[in-house]
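Student: Before I ask anything, here is the structure I am working with.
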Amino acid sequence: MSQTEEPAQEQPPVAAASPKTGNGFILIVAATGLVGIAGYLITVWVPNLIGFGPYATFAVFWAFIFLVAAALTGIQQEITRGTQARVPGDTTRAGQAGKFALLAFVAVLVLVLGTAPLWQAAVFPDHGWALVVPLAVGAASYVPLAVLSGSLYGVSHWKALFALISIEGLLRLVLVILAAYLRPEAAVFAWAIAIPFPVAVLVVWPFARARVVGKTRLDVSLPQLTWNVARTIVAAAAMGLMISGFPLILQLTSPGVSVSLMGLVIATATLTRAPLIVVGMALQSFLIVFFRSRAAHFWRTLLMLEAGVVALGLVLAVLGYLLGPAIFAFAFPKEDVPANWLIGTFILSSALVGALCVSAPAVLSRNAHAAFSAGWIIAAVTTIVCLLLPLPFIEKTVLALLVGPAAGVLVHAVYLALVRNAGTRPELVTPAPTV
């Protein structure tokens, strides 16, 4: 099959989108900051209350559900890319996003529950189905959240997005901390993590529906939307394996490591990599809109953003090397302190993931689904291969965190360079017939 993407299709005229990305950037970054602080508080508070051993179970469930959620952000990204403002009189493709949300919700629920007998004993050996059920409910509930947020990104409804992101993250902080104090059991933590997904949608939908229902349309049919989403989900799942799901694959590839060391490495990696990675992941859909609205200055925009991410990462890595152990000892006075070189290296690896979080939406904004997916898939496969190498635990973890995202950035860079040298915009090229 050709590497080029879908041909342009005959479509009714739609209102041109010219989003005020400046206002959106401020609101989305503010919401991301609130959620990031909430995540930091959870990461610091919970292990201090329950210890690194029990925290490993908490972290694995957290990693699993957010791995699935990260995969499902592929829905959000494709809905964002394909959502257009509807012009008066256009009745085509009405309600396609809603139909897709319902079908995908059921599919995810059935998929998680149906496959659970194959993995629940390995992933949740001490708790089993008590954690599978909240995982399934939370994962399926992320589908309407992804569809709603993608639609809101598509019409640049930044205030509703601010509310959606903030409510989900802050509610989770409140519920997890209450669980830690009142009933610190694995199943209670699991429900505290899962419940904010559906609640955020239920709270925001009444205020957001007027901007979406009857006011937007998708630029593809439901079958084409499903095919596009399948590819973005594969890419997003690969992204999730490297980021949200990293504690999970770390445990699965290192079964002989003690829970205390595993908890220490997970906590260190989560805390040190979060500032850049959380922002990068949260801005994926915004960056699709951002690159799309600046198509005339695509290369300058891409290079400036990449340079900014790398520069910020280097500064944070130096600060982490100098100050990280002291801060860690203050935050976790009863636990071992990671080495300064480990903290600095973990932060540096987050800059590479941040660079990948910029190159990926840049590629997708040009409708290049195959190249978008390839970058994330190569990055995830490289990460897992590194973790399977016969190396000491710390060394192979560091190698995986550095080499994985670097490979993904390289794939996107090569693709964009080839397209630029060819002097062709991929979204305007008609693919060769499939043989």
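The values are calculated or read from the model by the stated rules, or taken from the named source; none is laboratory data. Model, not experiment: these values are computed from the prediction. Positions of Cβ are generated from backbone atoms using ideal geometry, with glycine treated the same way; all protein chains shown enter the neighbour counts. Side chains included, ligands, DNA and RNA excluded: accessible areas come from the protein's heavy atoms. Shrake-Rupley method; radii C 1.70, N 1.55, O 1.52, S 1.80 Å.
Student: Kindly check whether there is at least one residue in the range 163-186 that is within 21 Å of residue 279 (Cβ to Cβ) and among the basic types (Lys, Arg).
Tutor: Yes.
Rundown of residues vs (1) in a helix (DSSP H, G or I); (2) among the hydroxyl-bearing types (Ser, Thr, Tyr); (3) within 19 Å of the chain's Cα centre (by Cα); (4) crowded, with 20+ Cβ neighbours inside 10 Å, yes/no style:
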| site | (1), (2), (3), (4) |
| --- | --- |
| 81 | yes, no, yes, yes |
| 105 | yes, no, yes, no |
| 121 | yes, no, no, no |
| 161 | yes, no, yes, yes |
| 166 | yes, yes, yes, yes |
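Student: Which residue, of 189, 124, 162, is hydrophobic (A, V, I, L, M, F, W, C) and modelled with pLDDT under 90? Quick ask: steps written out before the conclusion?
Tutor: Working: 189 fails: modelled with pLDDT under 90; 162 fails: modelled with pLDDT under 90.
Selected residue: 124, the only one of 189, 124, 162 that is hydrophobic (A, V, I, L, M, F, W, C) and modelled with pLDDT under 90.
Student: Being under 16 Å from the mean Cα position of the chain (by Cα) and surrounded by fewer than 24 Cβ atoms within 10 Å (Cβ to Cβ) is the filter here; which residues of the range 375-388 pass it?
Tutor: 377
Student: Which condition number in (1) under 12 Å from the mean Cα position of the chain (by Cα); (2) surrounded by fewer than 22 Cβ atoms within 10 Å (Cβ to Cβ); (3) closer than 24 Å to residue 393 by Cα is the one that residue 279 fails?
Tutor: (3)
Student: Another question about this same structure. Within the group 214, 256, which residue is modelled with pLDDT under 80, open to solvent by 10 Å² or more (accessible area, probe 1.4 Å), out of contact with any Asp or Glu (no Cβ under 6 Å at 6 or more places or on another chain) and assigned to a loop (DSSP other than H, G, I, E, B)? Outline the logic, then answer.
Tutor: Details: 256 fails: modelled with pLDDT under 80.
On inspection, the qualifying residue turns out to be 214.
Student: Looking at the range 240-253, which of its residues are small (Gly, Ala, Ser) and part of a helix (DSSP H, G or I)? Steps first, please.
Tutor: First, pick out the residues of the range 240-253 that are small (Gly, Ala, Ser): 240, 244-245.
Matches in the range 240-253: 240 only.
Student: Could I ask something else about it? Would you mind finding the one in 151, 141 that is within 24 Å of residue 240 (Cβ to Cβ), polar (S, T, N, Q), part of a helix (DSSP H, G or I) and in contact with a strand residue (DSSP E or B) (Cβ under 9 Å, 6 or more places away or on another chain)?
Tutor: Working: 141 fails: in contact with a strand residue (DSSP E or B) (Cβ under 9 Å, 6 or more places away or on another chain).
Just a single option satisfies the conditions, and that option is 151.
Student: Filter the range 291-304 for residues that are open to solvent by 20 Å² or more (accessible area, probe 1.4 Å) and more than 25 Å from residue 348 (Cβ to Cβ) and give the result.
Tutor: 292, 293, 294, 295, 296, 297, 299, 300
Student: Tell me yes or no: at least one residue of the range 85-100 is in a helix (DSSP H, G or I), closer than 22 Å to residue 60 by Cα and under 21 Å from the mean Cα position of the chain (by Cα). Walk me through how you get there before you give the answer.
Tutor: Restricting attention to the range 85-100, the residues satisfying the condition of being in a helix (DSSP H, G or I) are 96-100.
Then keep just the ones that are closer than 22 Å to residue 60 by Cα; that gives none.
No, the range 85-100 has no match at all.
Student: Answer with yes or no whether residue 176 is among the hydrophobic types (A, V, I, L, M, F, W, C), open to solvent by less than 10 Å² (accessible area, probe 1.4 Å), at pLDDT below 95 and more than 24 Å from residue 222 (Cβ to Cβ). So that I can check it myself, show each step before the final result.
Tutor: Details: among the hydrophobic types (A, V, I, L, M, F, W, C): yes; open to solvent by less than 10 Å² (accessible area, probe 1.4 Å): yes; at pLDDT below 95: yes; more than 24 Å from residue 222 (Cβ to Cβ): yes.
Spelling it out, residue 176 is indeed among the hydrophobic types (A, V, I, L, M, F, W, C), open to solvent by less than 10 Å² (accessible area, probe 1.4 Å), at pLDDT below 95 and more than 24 Å from residue 222 (Cβ to Cβ).
Student: In the range 338-353, which residues are under 16 Å from residue 43 (Cβ atoms) and of a type in the set (Val, Ile, Thr)? Working first, answer last.
Tutor: We begin by selecting, within the range 338-353, every residue under 16 Å from residue 43 (Cβ atoms); these are 338, 343, 346-347, 350.
Residues satisfying the conditions are 343, 347.
Student: Given the criterion under 28 Å from residue 98 (Cα atoms), surrounded by fewer than 23 Cβ atoms within 10 Å (Cβ to Cβ) and at pLDDT below 85, identify the matching residue among 274, 230.
Tutor: Numbers: 274 fails: under 28 Å from residue 98 (Cα atoms).
Exactly one of 274, 230 is under 28 Å from residue 98 (Cα atoms), surrounded by fewer than 23 Cβ atoms within 10 Å (Cβ to Cβ) and at pLDDT below 85, namely 230.
Student: What are the residue pairs meeting all of these: first residue in the range 384-395, first residue within 20 Å of residue 338 (Cα to Cα) and outside any loop (DSSP other than H, G, I, E, B), second residue at pLDDT 90 or above and open to solvent by less than 80 Å² (accessible area, probe 1.4 Å), Cβ atoms under 8 Å, and 6 or more apart or on different chains?
Tutor: 387/396; 387/397; 387/400; 394/342
Student: When you scan the range 307-317, how many residues do you find that are touching a residue at least 12 places away in the same chain (Cβ under 8 Å) and either open to solvent by less than 30 Å² (accessible area, probe 1.4 Å) or within 30 Å of residue 335 (Cβ to Cβ) (or both)?
Tutor: Of the range 307-317, the ones touching a residue at least 12 places away in the same chain (Cβ under 8 Å) are 309-310, 312-314, 316-317.
Next, from what is left, pick out any that are either open to solvent by less than 30 Å² (accessible area, probe 1.4 Å) or within 30 Å of residue 335 (Cβ to Cβ) (or both): 309, 312-314, 316-317.
So the count comes out to 6.
Student: Where the second residue is surrounded by 18 or more Cβ atoms within 10 Å (Cβ to Cβ) and of a type in the set (Phe, Trp, Tyr) and the first is touching a residue at least 40 places away in the same chain (Cβ under 8 Å) and closer than 19 Å to residue 305 by Cα and lies in the range 25-42, which pairs have Cβ atoms under 6 Å and are six or more apart or on separate chains?
Tutor: Filtered contacts from the range 25-42: 27/158; 27/162; 28/286.
Student: Let me ask something else. What is the one condition in (1) open to solvent by 10 Å² or more (accessible area, probe 1.4 Å); (2) hydrophobic (A, V, I, L, M, F, W, C); (3) over 30 Å from residue 30 (Cα atoms); (4) more than 21 Å from the chain's Cα centre (by Cα) that residue 112 does not satisfy?
Tutor: Condition (4) is where residue 112 drops out.
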